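S.K.: Please read through the structure below; I'll follow up with questions.
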Amino acid sequence: MRLVLLGPPGAGKGTQAAVLCENYKLAHMSTGDLLREAVKKNTKLGIKAKTYMDKGDLVPDEVVAGMITEKLQQKNMTKGFILDGFPRTKGQAEILDTALDSLSLPLDMVVYFETKEQTILKRLTGRRICRKCSRIFHTINIPSKQEGICDSCGGELYQRDDDKEHTIKKRIEVYNNQTKELIEYYQEKGLLEKASGDLDVKELFAVLKDTFKKSGLA
């Protein structure tokens with residue numbers, strides 16, 4: 001099973017990817033993780049990516065696609081994988097398709113998590129991070145025993161600028177503008193399936209399980 005998960009920030013892609021990977025024995029590829037790994041290992045593409053990251057610039061699509069291609073050449077990837085965080089644009093999708101075709105590993109399905117803004121705001125604005133140990137809490141889902149204090153090290157919990165309401169609304173707007181063409185692209189290729197990102201983890205997994213069965217993937 002070869003999948004791409006799409007959805008705005010806070011749609012639950014990373015969480016659901018972890019559940020799917022565990023249940024279907026798939027490899028999880030997050031572009032953020034791939035970039036960090038390549039930079040840490042000082043690979044040719046990692047060195048190239050670092051020159052952009054150090055300047056605060058976006059890493060070019062070709063470099064990210066190159067890292068994905070390298071990762072896909074590993075033996076365990078032939079059993080199936082989930083791509084999370086890439087592609088974000090139609091151009092990136094075309095580069096990815098070329099890379100996958102060259103390896104004879106075409107996508108089976110692209111799942112788009114349709115998620116209400118209200119749900120996203122509730123999930124992301126509640127996130128709190130410890131200044132000392134970086135442990136993540138949530139004011140509703142994973143509250144600390146003492147408000148504003150980390151259970152692990154006693155450090156101060158704070159809200160990242162990225163998790164403030166006005167920033168999240170801007171991120172959603174940018175995402176929606178970026179991905180409109182991408183969603184149409186996968187729809188035209190007959191690969192797109194939609195699921196509600198408003199559901200909790202177990203409910204969404206049940207929906208996806210049913211979708212895979214109907215499509216003959218599982």
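S.K.: How many angstrom separate the Cα center of region 157-172 from the Cα center of region 126-149?
M.R.: Computed from Cα coordinates, the inter-centre distance equals 15 Å.
S.K.: Let me ask something else. Report the full-extension gain for the segment residue 173 to residue 136: residue separation times 0.36 nm, less the Cα-Cα distance, to one decimal in nm. Numbers along the way, then the final one.
M.R.: Working: separation 37, 0.36 × 37 = 13.32 nm, distance 2.53 nm.
Working it through step by step, the gained length comes to 10.8 nm.
S.K.: Under a cut-off of 16 Å between alpha-carbon atoms, report the aspartates and glutamates in cross-link reach of residue 202, not counting same-chain residues fewer than 8 places apart.
M.R.: Those aspartates and glutamates meeting the cut-off are 22, 210.
S.K.: Would you mind checking region 153-190 for residues with the amide N under 13 Å from a putative spin-label position 7 Å along Cα→C-beta of residue 89?
M.R.: What the label zone holds, given the 13 Å backbone N cut-off, is 175, 177-182.
S.K.: Considering the dipole of the chain built from charges on the beta carbon (Lys and Arg +1, Asp and Glu -1) around the Cα centre, which of 134, 115, 39 is farthest to its positive end?
M.R.: Looking along the dipole axis, the top candidate is 134.
S.K.: Can you give the charge dipole size of region 117-218 about its Cα centre, rounded to the nearest 20 debye, using +1 on the beta carbon of Lys and Arg and -1 on the beta carbon of Asp and Glu?
M.R.: 300
S.K.: I've got another one for you. Could you tell me which of rounded, prolate or oblate describes region 1-125, using a ≥ b ≥ c as the square roots of the eigenvalues of the alpha-carbon gyration tensor, with rounded for a/c under 1.5 and, failing that, prolate when a/b is larger than b/c and oblate otherwise?
M.R.: Oblate, because a/c is 1.5 or more while a/b does not exceed b/c.
S.K.: Could you give the size of the charge dipole of the chain about its Cα centre, using +1 on the Cβ of each K and R and -1 on the Cβ of each D and E, expressed in debye and rounded to the nearest 20?
M.R.: Numbers: 36 positive and 31 negative charges, 138 e Å.
With Lys and Arg at +1 and Asp and Glu at -1, about 660 debye.
S.K.: Using the C-alpha gyration tensor of the chain, what are the square roots of 5 times its eigenvalues, in whole angstrom, with the largest one first?
M.R.: Largest first, the chain gives 29, 23, 18 Å.
S.K.: Using a 10 Å cut-off around each Cβ, can you sort 84, 163, 33 from fewest to most neighbouring Cβ atoms?
M.R.: Lowest count first: 33, 163, 84.
S.K.: Test of the criteria: in region 1-110, which trypsin sites (Lys or Arg not before Pro) are in a DSSP loop and have at most 16 other Cβ atoms within 10 angstrom of their Cβ?
M.R.: 25, 55
S.K.: Could I ask something else about it? Once you order the gyration tensor axes a ≥ b ≥ c over the Cα atoms, which shape class does region 175-218 get: rounded for a/c under 1.5, otherwise prolate or oblate by comparing a/b with b/c?
M.R.: Judged from the Cα gyration tensor, region 175-218 comes out oblate (a/c at least 1.5, b/c at or above a/b).
S.K.: Could you tell me what percent of the DSSP beta bridges with both partners in region 72-208 are antiparallel, to the nearest 5?
M.R.: Once the DSSP bridges in region 72-208 are tallied, antiparallel ones form about 60 percent.
S.K.: Under the 0.36 nm per residue contour assumption, what length would be gained going from the current alpha-carbon distance of residue 43 and residue 160 to full extension? Before the final figure, lay out each step's value.
M.R.: Numbers: separation 117, 0.36 × 117 = 42.12 nm, distance 3.08 nm.
Here the segment from residue 43 to residue 160 would lengthen by 39.0 nm.
S.K.: Can you give the extra length, in nm with one decimal, that the chain gains between residue 149 and residue 201 once fully stretched, where that is 0.36 nm per residue apart less the Cα-Cα distance?
M.R.: Gain on extension, residue 149 to residue 201, equals 16.0 nm.
S.K.: Sticking with this one: Among residues other than residue 165 whose Cβ falls under 14 Å from its Cβ, what is the net charge (Lys/Arg +1, Asp/Glu -1)?
M.R.: Surrounding charge for residue 165 is +3.
S.K.: Okay, moving on. Distance check, please: which entries in 44/71; 40/132; 122/180 exceed 18 angstrom between their Cα atoms?
M.R.: In this structure, 40/132; 122/180 exceed 18 Å between Cα atoms.
S.K.: Which loop-located GluC sites (Glu not before Pro) does region 126-218 contain, where loop means any DSSP state but H, G, I, E or B and the Cβ has at most 10 other Cβ atoms within 10 Å?
M.R.: Passing sites in region 126-218 are 147.
S.K.: Continuing with the same structure: Give me the one-decimal nm value for the distance between modelled label points at residue 62 and residue 181, 7 Å along each residue's Cα-to-Cβ direction.
M.R.: With each label point 7 Å from Cα toward Cβ, the separation is 1.8 nm.
S.K.: Only loop residues by DSSP count here, and only those with at most 13 other Cβ atoms within 10 Å; note down the GluC sites (Glu not before Pro) in region 58-109 that meet that.
M.R.: none
S.K.: Could you work out how far the C-alpha centroid of region 66-120 sits from that of region 11-62, in angstrom?
M.R.: 12
Each value in this text was obtained by applying a stated rule to the coordinates, not by laboratory testing. Remember, predicted model here, so these are calculated numbers, not experimental data. Here Cβ is always computed from backbone atoms with ideal geometry, including for glycine, and neighbour counts include all displayed protein chains.
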